[in-house]
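Report on the following structure.
The values are calculated or read from the model by the stated rules, or taken from the named source; none is laboratory data. From a predicted model like this one, the values you see are computed outputs, not experimental measurements. We place every Cβ from the backbone using ideal geometry, glycine too, and count neighbours over all the protein chains shown. What goes into the accessible areas is simple: the full protein's heavy atoms, side chains included, and nothing from ligands, DNA or RNA. Shrake-Rupley method; radii C 1.70, N 1.55, O 1.52, S 1.80 Å.
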Amino acid sequence: TKTISKCYVQVTGMTCASCVANIERNLRREDGIHSILVALMAGKAEVRYNPAVIHPSAIAELIRELGFGATVMENCGEGDGILELVVRGMTCASCVHKIESTLMKTNGVLYCSVALATNKAHIKYDPEIIGPRDVIQVIKDLGFTTSLVKKDRSASHLDHKQEIRQWKRSFVVSLVFCIPVMGLMIYMMIMDSQLSEAHAHHNMSSEEMEALHSSMVLEYQLLPGLSVMNFLSFLLCVPVQIFGGWHFYIQAYKALKHKTANMDVLIVLATSIAFVYSFVILLVAMAEKAKVNPVTFFDTPPMLFVFISLGRWLEHVAKGKTSEALARLISLQATEATIVTLGPDNVLLREEQVDVELVQRGDIVKVIPGGKFPVDGRVIEGHSMVDESLITGEAMPVTKKPGNTVIAGSINQNGSLLISATHVGADTTLSQIVKLVEEAQTSKAPIQQFADKLSGYFVPSIVAVSVVTLFAWIIIGFVDFEIVEKYFLGYNKSISAAEVIIRFAFQASITVLCIACPCSLGLA
């Protein structure tokens, strides 16, 4: 007998079923090629050839001449079938040994391991020689009952409902408290501009100016050093810091534990420092019974949290959409198939219902009108119209006659068809699409990986810059006090120069942190 070898060729540039037919038709004519099977979605051709006549590289070259990209795949182990079974009725280690040794002797089984504790068997086989039903039959003949491990057909691992809820809650909490804070800010800005205008028109003395300042409702001091504005901002800021920032704190803590700095670290750092600094400076002002209200940053955390939690919420909603689409795709798969045994002249001898996972390559499957195609295959007998809109988007049914290919998941309309299975299990077009979507969801876009890498450097550098700012202003202040005096608003003679300098330096460095933090929005 001639030896037949098998190789896999990665084919790129195929766009539709006619490309597949073109490659298959042309290669079948070549000498030394026994059979060829092309999977469109996987971009893979499985070729059985006679190594004495032709080599894999020559096969790839033939495909290239047809205008496609082709490379020989080295790891041919991908063609192995893997079967997970639940085996009942095993009592001891000798049962395990009996099953394993019998299976290993069976032609086509490459590897087998049976676990007594979990009642599971893991089997690798060559789908060319043997199929899952044969393996199950071997185990049954030994006197054990066996069934397939039921696969979870839902895309539950891609479900984003919980994250969507969590970020939505976080966003709503932040928003509720952020709106009043923004309102207060805008009010303050308007009043400030009015004051400066009044100051420009009437050359008031600074005493009158202060009198006008304190007549503003929000600047009214509840306690010495504690204005209504700052007190309200503080009250509104606390819940956001706790409830809105809860998830950020957890993520940041985890990141720091693994000695990495991500966006969450920066967000937490900026908001916490702004909050703590504002809180401390309020306490200091109250202790000093200051006349002029200190500048606080209570408006920063709520606004940052609003924007960022909104971003995260939208991101998870988008991800949830894809997983919904994926769950729908998975639900299109048929769960059962009718396998028929044909006698001479295609006479039906018998038919049986089996799980779709048990259909083997080369099986003859009967599809009744209104039924779904359980696997990809070729029509052997019958004429029908088939709705393939799930793959092609074409609403018009397609005519199928013997020799045409059919796609798993498409719906047979008016005639009964017998098809020969060509791609089963994870090789069907539908499974490949599901796999591609899953991979697209779990893998990151190159730009996203780049952003993650950058943020690793971004966070420490921002922190470094704000520390440099702090020390720079302290040095400038002690060298030339006039500059600080010029920029530090509400400087009154009652506090020492050193304290003014340090306060100003702190304000500058916090400002750097808080302003750099929304850049994380850009990165996100």
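One table, with the values for the structure above:
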quantity: Label-to-label distance, nm, for residues given as ASN119 and ARG165 (7 Å Cα→Cβ offset); calculated: 3.3 nm
quantity: Carbon plus sulfur fraction of accessible area for the stretch 5-72, probe 1.4 Å, in percent; calculated: 51 percent
quantity: Estimated vicinal HN-Hα couplings, Hz - the stretch 65-72 in sequence order (Karplus 6.51, -1.76, 1.60; Gly, Pro = x); calculated: 5, 7, x, 10, x, 9, 9, 6
quantity: Whole-number D in µm²/s for the stretch 5-72 (Stokes-Einstein; Kirkwood sum over Cα pairs; 10 °C, 1.306 mPa s); calculated: 138 µm²/s
quantity: Other-chain or far-sequence residues with amide H under 5 Å of GLU381's (modelled H); calculated: LEU418
quantity: Rounded accessible area of GLU65 (nearest 10 Å², 1.4 Å probe); calculated: 130 Å²
quantity: For the stretch 81-148, the Rg and Dmax computed from alpha carbons only, in angstrom; calculated: 10.6, 33
quantity: Those aspartates and glutamates that a straight Cα-Cα span of less than 12 Å connects to LYS435, excepting residues fewer than 8 apart in one chain; calculated: ASP427
quantity: The chain, helix-only ellipticity at 222 nm - DSSP H runs n ≥ 4, -39,500 (n - 2.57), divided by all residues, nearest 500; calculated: -16500 deg cm²/dmol
quantity: Cβ-derived FRET efficiency at R0 25 Å, ILE179 paired with LEU222, nearest 0.05; calculated: 0.65
quantity: Carbon + sulfur, % of accessible area of the stretch 356-446 - ligands and nucleic acids excluded, 1.4 Å; calculated: 58 percent
quantity: Residue-count net charge about GLN432 - beta-carbon cut-off 11 Å; Lys, Arg +1, Asp, Glu -1; calculated: -2
quantity: Cα Rg over Rh - the chain, Kirkwood; calculated: 1.21
quantity: Neighbourhood charge, 15 Å Cβ-Cβ cut-off, centred on HIS247 and excluding it, Lys, Arg +1 and Asp, Glu -1; calculated: +2
quantity: Straight-distance crosslink candidates among lysines, where the alpha carbon sits under 17 Å from LYS291 and sequence neighbours closer than 8 are dropped; calculated: LYS493
quantity: Heavy-atom accessible area per residue - the chain, 1.4 Å, Å²; calculated: 53 Å²
quantity: Global form of the stretch 334-429, assessed from the alpha-carbon gyration tensor, a/c cut-off 1.5; calculated: oblate
quantity: Contour minus Cα-Cα distance for HIS34 and ILE447 (0.36 nm per residue); calculated: 144.2 nm
quantity: Fraction of the pair-distance distribution of the stretch 312-370 above 16 Å, Cα-Cα pairs, percent; calculated: 61 percent
quantity: Cα-based shape type of the stretch 1-119, given that a ≥ b ≥ c are square roots of the gyration tensor eigenvalues and the cut on a/c is 1.5; calculated: prolate
